[in-house]
Amino acid sequence: MKWHIAIAAALCLWLGLPFREYRTTQLLPIKTLQVLRQEEKIYLISEAAEGEGQTLVKCVADARKKAAGELLFETAQHLVVPDAALARELLRSELLRGSVQVYFSDVRLEPQGLSEYFAAHPSELRLKEFEKD
């Protein structure tokens with residue numbers, strides 16, 4: 001039994017652990033994410049990158065391609081959407097955590113300073129609450 005553990009430890013040391021490797025200088029955490037739908041296109045705006053596409057998946061892929069590093073959507077604290085339908089779509093995509101604070105706006109907001117503003121004016125509405133609809 002002990003030799004199994006010794007072999008597993010030796011393999012981990014020799015091959016490395018089976019985790020995805022990141023260069024920390026290339027990690028781009030997102031604090032505030034704004035998603036808009038205009039004229040059959042979806043637009044994604046954040047402090048770290050912007051993207052557009054016909055679907056949410058294509059929009060996220062475009063933002064990842066344009067970013068200067070690895071976008072971390074899991075770190076988002078605030079989400080700005082025009083309506084509940086888009087919030088439900090984001091919830092189903094599992095791109096964001098359910099505890100993200102949700103705000104509504106039909107217009108594009110400038111991403112710089114938006115996170116600080118929302119931190120000072122927290123929303124009671126969370127993304128996970130849209131699964132009831």
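The values are calculated or read from the model by the stated rules, or taken from the named source; none is laboratory data. Note that the structure is a prediction, hence the values are computed from the model and not measured. Neighbour counts are summed over all protein chains in view; Cβ atoms, including those assigned to glycine, are modelled from backbone coordinates with ideal geometry.
Here are the numbers for the structure shown:
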{"read-out": "Qualifying residue in region 100-111 (condition: among the small types (Gly, Ala, Ser), under 13 Å from Leu33 (Cα atoms) and within 17 Å of the chain's Cα centre (by Cα))", "value": "no"}
{"read-out": "Residue match in region 68-78 (condition: touching an Asp or Glu at 6+ places or on another chain (Cβ under 6 Å), surrounded by fewer than 21 Cβ atoms within 10 Å (Cβ to Cβ), modelled with pLDDT of 95 or more and not in a helix (DSSP H, G or I))", "value": "no"}
{"read-out": "Search result, residues across region 94-123 that are of a type in the set (A, V, I, L, M, F, W, C) and in a loop (DSSP other than H, G, I, E, B)", "value": "Leu95, Leu96, Val100, Val107, Leu109"}
{"read-out": "Any hit, region 43-58, residues being in contact with a helix residue (DSSP H, G or I) (Cβ under 8 Å, 6 or more places away or on another chain), farther than 15 Å from Pro29 by Cα and either assigned to a helix (DSSP H, G or I) or polar (S, T, N, Q) (or both)", "value": "yes"}
{"read-out": "Long-range neighbours under 6 Å by Cβ, at least six apart or interchain, first residue without any contact (Cβ under 8 Å) to a residue 60 or more places away in the chain within region 60-87, second surrounded by fewer than 18 Cβ atoms within 10 Å (Cβ to Cβ) and of a type in the set (S, T, N, Q)", "value": "Gly69/Gln26; Glu70/Gln26; Val80/Ser105"}
{"read-out": "Failed item, numbered, when Val81 is tested on (1) modelled with pLDDT of 95 or more; (2) under 19 Å from Glu124 (Cα atoms); (3) surrounded by fewer than 21 Cβ atoms within 10 Å (Cβ to Cβ); (4) hydrophobic (A, V, I, L, M, F, W, C)", "value": "(3)"}
{"read-out": "Flag for Leu91 being surrounded by 14 or more Cβ atoms within 10 Å (Cβ to Cβ), hydrophobic (A, V, I, L, M, F, W, C) and without any contact (Cβ under 8 Å) to a residue 60 or more places away in the chain", "value": "yes"}
